[in-house]
Amino acid sequence: AGVGTTTVAGLCARGGVLRMFGGSITVKGSKKMHGAVGAWAAWFDAAEPWPWDWPRIELYGVTFDVQANGSAEAWDIVQDVGEIYAYNCKRADGTPLRVRGKKVFFK
């Protein structure tokens, strides 16, 4: 979990393998943060070239509750790099996650 300069994230991986079995990820954005993200495969340009393997995130039966709460953008999952797999994951209201490209839509 973490907060960057512009985004708050419930789960963030920048390298290696991360697996989550069940449970929930709850994130509440704010007017002070541009984005709110549940699970994020991210990188940052402070380390160029990137010295580690890209992240691989595997989520099994995880429930997402990402609330914009004033943030301009809110996403359940964002894959900037690496791979993210979501198996039987859903939103807090029970709707399954909808994937379009490398982002899973909040609405």
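The values are calculated or read from the model by the stated rules, or taken from the named source; none is laboratory data. Remember, predicted model here, so these are calculated numbers, not experimental data. Ideal geometry is used to build each Cβ from the backbone, glycine not excepted, and the neighbour counts take in all protein chains shown. SASA here: full protein model, heavy atoms, side chains in, ligands and nucleic acids out. Shrake-Rupley method; radii C 1.70, N 1.55, O 1.52, S 1.80 Å.
Out of the residues in the range 4-43 that are surrounded by fewer than 12 Cβ atoms within 10 Å (Cβ to Cβ) and not charged (D, E, K, R), state the one that is nearest to Glu73 (Cα to Cα).
Within the range 4-43, the first condition is being surrounded by fewer than 12 Cβ atoms within 10 Å (Cβ to Cβ), and the residues that meet it are 5, 19, 21-23, 31-32.
Adding the requirement that they be not charged (D, E, K, R) leaves 5, 21-23.
Details: Thr5: 14, Phe21: 26, Gly22: 25, Gly23: 24 Å.
Filtering the range 4-43 for residues that are surrounded by fewer than 12 Cβ atoms within 10 Å (Cβ to Cβ) and not charged (D, E, K, R), the one nearest to Glu73 (Cα to Cα) comes out as Thr5.
Write out, first by first residue and then by second, each pair whose Cβ atoms fall under 6 Å of each other, whose residues are 6+ apart or on separate chains, and whose first residue, in the range 63-89, is within 20 Å of Gly16 (Cα to Cα) while the second is open to solvent by less than 20 Å² (accessible area, probe 1.4 Å) and in a loop (DSSP other than H, G, I, E, B).
Qualifying pairs under 6 Å: Asp80/Ala42; Gly82/Pro55.
Scan the range 63-90 residue by residue and report those that are over 12 Å from the mean Cα position of the chain (by Cα), aliphatic (A, V, I, L, M) and surrounded by 15 or more Cβ atoms within 10 Å (Cβ to Cβ).
Once the filter is applied, which keeps residues that are over 12 Å from the mean Cα position of the chain (by Cα), aliphatic (A, V, I, L, M) and surrounded by 15 or more Cβ atoms within 10 Å (Cβ to Cβ), the range 63-90 yields only Ala68.
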